[in-house]
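The values are calculated or read from the model by the stated rules, or taken from the named source; none is laboratory data. Everything numeric in this text was worked out from a predicted model, so none of it was measured. Neighbour counts run over all protein chains shown; Cβ positions are idealised from the backbone, glycine included. Remember, those area values only see protein heavy atoms, side chains included, never the ligands or the DNA or RNA. Shrake-Rupley method; radii C 1.70, N 1.55, O 1.52, S 1.80 Å.
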Amino acid sequence: MRILVFGDVVGKPGRLALRERLPSLRVAHAADVVVNGENASGGIGLTVESMRELFACGVDILTSGNHIWKHREIYATLDREPRLLRPANYPDGSPGRGLCVHELSDGRRVAVLNLLGRTYMDALECPFRTADMLLASVPEDVTVRIVDFHAEATSEKKALGWHLDGRVSAVLGTHTHVQTADAMLLPGGTAYLTDLGMCGVEASVLGMDHKVIVDRFLTAMPQRFRPASGRGSLNGVFLEVDDATGQALRMECLREGCPTAVRAVWRGEAEMPAEMPAERPDDESGQRP
């Protein structure tokens with residue numbers, strides 16, 4: 001099985017980057033697609049309209065994280081749409097689900113599990129024990145299993161990778177928006193990467209307008225965060241997984257349309273992306289939860 005997995009989509013530039021590049025990438029890699037969409041609407045949260053846009057451009061499964069609760073309109077959709085996940089270790093009674101067993105067009109099935117870290121994050125159920133419990137419920141013939149671990153701490157992500165080694169095909173981190181350089185195949189056959197990176201404007205601070213973020217650091221005053229304007233890029237991985245065993249055979253990191261992939265920004269040689277209208281979150285305080 002061949003799978004493309006992309007990190008957090010940040011605002012309109014991230015959605016446009018997927019719309020422009022994903023169809024050709026999907027064909028070129030003959031792959032199915034998993035994307036984290038928790039920041040796709042205005043840089044914080046996910047609306048129903050943005051969800052439909054992402055599915056329409058070729059995404060098979062959408063995962064999320066701690067910002068999925070931003071727009072209340074998505075709550076009912078979380079219950080109705082099995083291809084949209086929220087972290088599985090939220091308490092019982094939370095809308096939606098954190099595990100999906102998805103049937104592909106050729107009849108094969110893939111399991112996708114979404115978890116939230118606890119270090120520097122919300123105090124939720126243990127993601128390690130939640131993973132153990134839910135993986136035990138996955139049918140044995142569904143050997144391809146992908147985990148999106150939405151977490152802050154590198155150590156927690158690494159630990160989950162080792163904890164699940166040999167039981168899942170991949171443990172891929174999201175949330176911190178910067179692709180890490182530690183892609184590896186663990187001894188048990190699990191592909192691991194601490195963070196996939198983001199789909200959004202690279203000339204930014206984690207996809208947000210750098211001027212606003214710099215001002216926040218300089219003044220310590222509340223600011224209305226907004227996604228950066230400009231041309232978006234894609235960060236993620238391409239996986240090849242053995243259907244029979246569920247073990248990862250190959251993992252290739254992807255950075256599509258990133259200025260630094262072509263020219264060295266630190267030399268001042270990179271062309272700045274063309275401006276486009278900024279999309280603002282509708283949060284009155286402008287603060288991330």
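Say whether the condition of being open to solvent by less than 10 Å² (accessible area, probe 1.4 Å), within 30 Å of I213 (Cα to Cα) and among the acidic types (D, E) is met by at least one residue in the stretch 51-62.
no
Restricting attention to the stretch 122-163, and to residues there that are within 25 Å of G93 (Cβ to Cβ), among the small types (G, A, S) and open to solvent by less than 50 Å² (accessible area, probe 1.4 Å), which single residue is nearest to the chain's Cα centre (by Cα)?
A151
What number of residues within the stretch 190-210 satisfy the criterion of being touching a strand residue (DSSP E or B) at 6+ places or on another chain (Cβ under 9 Å) and open to solvent by 10 Å² or more (accessible area, probe 1.4 Å)?
Of the residues in the stretch 190-210, 4 are touching a strand residue (DSSP E or B) at 6+ places or on another chain (Cβ under 9 Å) and open to solvent by 10 Å² or more (accessible area, probe 1.4 Å).
Specify the residue that is farthest from the chain's Cα centre (by Cα); the eligible residues are those in the stretch 1-43 that are closer than 15 Å to R72 by Cα and buried (at least 24 other Cβ atoms within 10 Å of the Cβ).
S41
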